[in-house]
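The block underneath contains the structure these notes are about, expressed in structure tokens.
Each reported figure results from applying straightforward, stated rules to the coordinates on display, with no laboratory input. Quick caveat, the model's predicted, so the values are computed rather than measured. Cβ sites come from the backbone with ideal geometry, for glycine too, and all protein chains shown count toward neighbours.
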Amino acid sequence: MLLMKRLINRWNAPTPAFWLKVQKIGIVAGSLGVVFIAPPFGMAVIGGYLIATGSVISVLSQLTIK
């Protein structure tokens, strides 16, 4: 329970400017992954890696605080 409260507090705390930029890069990487998977001849492996990497980068950069 204590861990969950700490995570919620970190999630709602202000994020430093550098990590906001990193978060945007992660969102772009995830979006690119969806673009690679979407066509019928899609490159599922590359797209999957991009989606996983982008989502991890975005979440971890959201949890950084000042």
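A few notes on this one:
- Annotation note: of Val59, Val22, the sole residue that is surrounded by 13 or more Cβ atoms within 10 Å (Cβ to Cβ) and either of a type outside the set (Phe, Trp, Tyr) or in contact (Cβ under 8 Å) with a residue 60 or more places away in the chain (or both) is Val22.
- Condition met for Thr53 (part of a loop (DSSP other than H, G, I, E, B) and either surrounded by 13 or more Cβ atoms within 10 Å (Cβ to Cβ) or touching a Ser or Thr at 6+ places or on another chain (Cβ under 8 Å) (or both)): no
- Of the residues screened, Gly47 is not one that is surrounded by 13 or more Cβ atoms within 10 Å (Cβ to Cβ), without any contact (Cβ under 8 Å) to a residue 24 or more places away in the chain and more than 16 Å from the chain's Cα centre (by Cα).
- Among the residues making up the stretch 3-44, those that are of a type in the set (Lys, Arg) and either within 15 Å of Lys66 (Cα to Cα) or over 16 Å from the mean Cα position of the chain (by Cα) (or both) are Lys5, Arg6, Arg10, Lys21.
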